[in-house]
Structure formats: C-alpha cells, structure tokens
Amino acid sequence: STAHDTSVVLLDAHDTFAALLDDIDAGVPRALIARRFHDAFVEAIVTVAQLVDGLYGIRHVALSGGVFMNRILTELCFDKLNGFNVYINERVPTNDGGISLGQAWYILKGVDTDVCCGTGKSNRDKK
C-alpha cells in the first residue's frame, strides 16, 4: 500500500546504519560520521515533508520533540526545508518539558479519555 492509502510512512534506516558501521570500521573520523548521519536524518525529514506536500498539499512542518534539542539537526532542517513553513518551539520546551505542559493543560481543561475515543465529551460536559 502507499502512504496515500494508509497515511503511514515507513522509512528504512538499514542502509544509513550499515554505512555508519562501515565508516567506523574504516576509521572515518567521528565528526564526518556524525555529519553524514545528521545529513541522512535531515534527508529523511525533507523526503517525508515533500511526500506530504505532494499528497495533501501541506507545506507546514513542525520540528518538535527531544531530537530537535540538537541545534545542528534543527538548523540543517531549516536550511533544507526551504519553501516550507517550518515551526519550532519558542515558548515551550521541545523535549519532555513540553509534553508535561501539554499533559497539565489537558487535565486543567477537564478533558477526559472519552474525547480521544470519539465521544467528544469532556469532564465539564458531565453533570
């Protein structure tokens, strides 16, 4: 099936890790190995963004999560996602601190698990 059929994209990182291990065995300098790994990761992000754009016309990309605490990765993504609207966390931490804030907001709003299960009701709707 295609990404359009399932809305699921699977990326096979086997070749990336095989190349990384080959570089280690060949004595390639660590800095170069790290750069190649970052470049491959960025290429995967850009590829998915282009796929989503092509399938759905969505040109907005949110770079969030602990991996984007890595300044090099974030800057490379910004550079390579030219033409996309790229968003990053500015007032909320990109890592677990942001997750905690989201969880606190969820509880403060009185949202209950029924919302994510399809009933559309929150604790505030219950009387």
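Read the figures in this text as sums done on the coordinates, not as results from a lab. If you're wondering where the values come from, they're calculated on a predicted model, not measured in any experiment. Cβ sites come from the backbone with ideal geometry, for glycine too, and all protein chains shown count toward neighbours.
So, R0 is 25 Å and r is the distance between the beta-carbons of residue 67 and residue 104; what FRET efficiency does that work out to, to 0.05?
Approximately 0.65, to the nearest 0.05.
Proximity of backbone amide H atoms, modeled 1.01 Å from N, is registered between residue 61 and 85, 86, 87 at under 5 Å, excluding neighbours fewer than 5 places apart on the same chain. Net charge near residue 84: determine it from the other residues with C-beta under 12 Å of the C-beta of residue 84, scoring Lys and Arg +1 and Asp and Glu -1. Once all neighbours under 12 Å are counted, the net charge is 0.
Of the GluC sites (Glu not before Pro) found in segment 7-99, those in coil by DSSP whose Cβ has at most 14 other Cβ atoms within 10 Å are 90.
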